[in-house]
Each structure stands twice: as structure tokens, then as C-alpha cells.
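The values are calculated or read from the model by the stated rules, or taken from the named source; none is laboratory data. Keep in mind it's a predicted model, so treat the numbers as computed, not measured. All Cβ positions, even for glycine, are placed from backbone atoms using ideal geometry, and neighbour counts span all protein chains on display. We work out accessible area using only protein heavy atoms, side chains counted, and drop any ligands, DNA or RNA first. Shrake-Rupley method; radii C 1.70, N 1.55, O 1.52, S 1.80 Å.
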Amino acid sequence: MAEHSFPPLKNDLLLRAARGYEARRCPDLRALTPGGAAGRYLPEYHEAKGGRDFFECCRSPEIASTLTLQPIERFGGLIDAAIIFSDILVIPQAMGMTVEMVDKKGPHFPDPLQTPQDKQYIELMERHVDVAKELDYVYKAITLTRKKLDGRVPLFGFTGAPWTLLCYMVEGGGTKLFKQVKTWIYKYPEETKALLQKISELCVEYLALQVKAGAQIVQVFDSWAGELSPSSFKKFSQPYLAYIAKHLPLRLKELGLEQVPMVVFPKGAWYALDACADMGYQVIGMDWLHDPAEAVKIIGDRPVVLQGNADPGVLYGSHESITEVVTEMVKGFGWAERKKGWIVNLGHGITPFVNPDDLKFFFQEIHRLTKTD
Ligand code: 1CP
């Protein structure tokens, strides 16, 4: 039983597609954002955010729900899901770490983890983290957003994957070198795994509580998966993604909640597609390094839906290029023959300076080229 009662869902295309049913039209999922470029390309985002700090917006259910709804209002009818306005870094915050969002630069941890010998690591490992209490504002934002959505589209909850969160916790922000996190995995593998396990357990509880609050589908963002080799992915990412996929359904059952589709997005880890199809996720998000037809072949007859995977960079291009990329995707995913198994998305979030009208054209082309009725 859900904790809240919400208006009935009028557009269930995405949830049906995620569960592998045949869809009338291919669901055109709003572009899930990298570094939340979600907002940055919309003038109304800056207006609603005002001079407020990024995490202050996340902590205000009223503002977070307003920002979540903006793309739905602007592109009404063209997109089939919303994603709650928040960030993956709320988990390290809940664990007691300070994270700031620096304007035009991105996240910054003034005091990242240094080595497992440090007091900070030891205390972090010993600390009981109450994600119900610490992230209560996210659940409140989800519940309020579900009400405001009024059943127009389903709402995504999300978390960062353990590996990607670890990267930020030890690097202290975005990085090109990955010096710190590579030091951790190659110098302190056991301590690294202990921390990844702790993060995984928090992710399960966090996602379960998002579902309890009203999230209808959840996504795990492993944005830095591609920094791992195939062999180190098997050691430092895959077991923890699999842990989440196994334990979230158990926790939902324990809480008396309905099951929801789970999406995994292992960005850059193209080599792991086959393994990801056996991890328990219903949907795999793909970046643009994948060839759709190859990916469909790799999945074979396993009940897994693919989500993706246009190069977001095409939104800087001409309308002819957008049409070409959409046409190639539609063909590559075998849409005409299959009519299922694909949720349209960009291969990563919308990058800065994209003109919202070009994004709208991308959405319109999806509709035009996948319409079957
Ligand atoms: O689009 C939305 O509004 C939905 C909410 C959302 C999501 C799903 C935001 C808001 N962030 C995220 C996920 C997120 N955050 C990911 C996973 C997706 C991906 O691969 O990009 C990651 C890696 C982050 C971390 C993060 N947050 C970065 C990346 C920094 C880096 O390492 O390069 C950045 C720049 C942010 C800031 C952020 N998050 C969200 C927004 C709207 C913003 C921009 C803040 C601003 O400039 O106003």
C-alpha cells in the first residue's frame, strides 16, 4: 500500500515500456540530466532559482517541485516522464560530508576523504546514517511533485551509484585524472569495498523511501563507470549495482510497497552491457558510444528495455542533423519491427547553451518518426 494517494496516471506510456509491454508510440523520456543541465538550458530555471544556492533549492520541496515541473509545462505532451529535482550528492551530505555547489564549476567537497587510515574514514564507516531523517526534504519534494503533476506523467526518483559517489567523495569534485579514486582502488581495495557496500545499503534505503513518497520508477546513475577497466568494473561497480537491484525489491516488499521499474545508467561502460542485462534492472540507460543495433543484439531475448541514446551534442547541430540522428536511432533500435524494448532519451544530459527550441524539435521528430497509429 502506498503511503499517499495521488491523482490517477493519465500517461502510463513510460511505465508500460519500462515493463516491456508494447507501446503505441515510443515513449520519449525527457532527457535525464548530467550535472543537472536540466535547468540550465531553460530561462525559467534561472528565474525560479533566483539567487538561491543550488542545495537550498533541493531542500525546498516547493522550489524543487516547481523546477521539476518546468520541462513538463514547457514541452507538455512531448515528454513522458519527469525526474525529481535533486542531486546525486545528497547521499554524501547525508553521510555527514560537506558539499557545496560552486556556480559555473559544479560540486565541491572542501574536505574529501584522504586515506582509509584517516579519522574521517573511520568515523564515516562507524556512523549510523539515517536517510529517512537526513533526506526527508527529498521525499517531501517527491510527494508534493506527484500532487502537482496531477497524473500527467510518472515521476522518476534517483540515486548516484556507489562507484560514482565514491569518486566524488574522494576526489572532492569533478576530475579528469581520477588520481585519488584510482589510488583508493589500487592501494586500498578492501577499505574501498567496505565503503562501497555502506553506500549501497544507503542507496537501497534512499530509493525505497523515494518510492514510499511517490516515485514511480527509479534510476541509478553510474556516471563514472567508464573510468573503470572491464576488470575493475567487475570489482568496484558491478557488485554494488547488483546489490541495489537485488535488495531494493526486497525492501519495497518489506515496506508493503508496490514494485517499480529500475533503470541503471553505467555511462561509458559499453563493455558491461551484457553483464548489466543480468543484474536485475528492467531498463539499461545507454550513452551514445553504443551502436543501438549491436546493443539490441547483445540483449537478445532477455526482458530488458534499452533507454537512450542520442549524442546530446546533436542539439548544437542543424535540424537536418537532428532528424538524421533520430532516424538512425529509430532504425537501430528496430522500432518499426519491435514496437517495444526502447525508451527514447539522450545518451547523457543536456549540455549548456542548448536552445530549448532545438530540444523541442528533437522531441517532435521522435514523435513524428515513431508514431504508429
Ligand atoms: O535535471 C534535473 O533537474 C534533475 C535533477 C538532477 C539530476 C538527475 C540534477 C540537478 N543532477 C542530477 C544527477 C547528477 N548530478 C549526476 C548524474 C547524471 C550525470 O551523469 O550527469 C551527476 C554526475 C551529478 C553531479 C553534478 N551536479 C554535476 C557534475 C559535475 C561533474 O563532475 O562534472 C553538476 C554540474 C551538478 C549540478 C547540478 N545538478 C542538477 C542541476 C540542475 C545542476 C546545475 C546547477 C546550476 O548550475 O544551477
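Annotations
- Any hit, region 248-256, residues being open to solvent by less than 60 Å² (accessible area, probe 1.4 Å), at pLDDT 95 or above, within 18 Å of LYS193 (Cβ to Cβ) and not in a loop (DSSP other than H, G, I, E, B): no
- Residue in region 315-335 that is within 16 Å of the ligand (Cβ to nearest atom) and closer than 28 Å to GLU73 by Cβ present: yes
- Positions within region 79-137 being within 22 Å of GLU190 (Cβ to Cβ), part of a loop (DSSP other than H, G, I, E, B) and open to solvent by 70 Å² or more (accessible area, probe 1.4 Å), in sequence order: GLN114, GLN117, ARG127, HIS128
- The residues on offer are LYS198, LYS212, LYS253, and the sole one that is without any contact (Cβ under 8 Å) to a residue 12 or more places away in the chain, among the basic types (Lys, Arg) and more than 17 Å from VAL344 (Cα to Cα) is LYS253.
- Residue ID - nearest to the chain's Cα centre (by Cα), chosen from residues in region 37-78 that are near the ligand (Cβ under 9 Å from one of its atoms) and open to solvent by 60 Å² or more (accessible area, probe 1.4 Å): ARG40
- Residue list for region 257-291, restricted to those being more than 16 Å from the chain's Cα centre (by Cα), open to solvent by 10 Å² or more (accessible area, probe 1.4 Å) and under 22 Å from LEU166 (Cβ atoms): TRP270, TYR271, ALA275, MET279, GLY280
- Annotation: of all residues in region 168-203 being more than 16 Å from the ligand (Cβ to nearest atom) and open to solvent by less than 10 Å² (accessible area, probe 1.4 Å), the one that is nearest to the chain's Cα centre (by Cα) is SER200.
- Candidates ARG152, ARG146 - the one that is part of a helix (DSSP H, G or I) and either crowded, with 18+ Cβ neighbours inside 10 Å or in contact with a helix residue (DSSP H, G or I) (Cβ under 9 Å, 6 or more places away or on another chain) (or both): ARG146
- Region 311-330, residues that are over 22 Å from the mean Cα position of the chain (by Cα) and either at positive phi or of a type in the set (D, E, K, R) (or both): GLU320, GLU324, GLU328
- Listed by position, the helices (runs of 4 or more DSSP H) enclosed by region 285-362 that each have at least 1 residues that are in contact with a helix residue (DSSP H, G or I) (Cβ under 8 Å, 6 or more places away or on another chain), over 29 Å from ARG19 (Cβ atoms) and among the hydroxyl-bearing types (Ser, Thr, Tyr) are 319-332.
- Within region 99-112, residues that are more than 10 Å from the ligand (Cβ to nearest atom) have Cβ atoms under 7 Å from residues that are assigned to a strand (DSSP E or B) and open to solvent by less than 20 Å² (accessible area, probe 1.4 Å) in these pairs: PHE109/GLY173, counting only partners at least 6 apart in sequence or on another chain.
- Qualifying residue in region 155-172 (condition: farther than 16 Å from LEU195 by Cβ and in a loop (DSSP other than H, G, I, E, B)): no
- Breaking point among (1) over 21 Å from GLN282 (Cα atoms); (2) modelled with pLDDT under 95; (3) surrounded by fewer than 17 Cβ atoms within 10 Å (Cβ to Cβ), for THR327: (2)
- Selection of region 204-245 for residues being over 29 Å from HIS4 (Cα atoms), of a type in the set (Gly, Ala, Ser) and within 15 Å of the ligand (Cβ to nearest atom) yields SER223, ALA225, GLY226, SER237.
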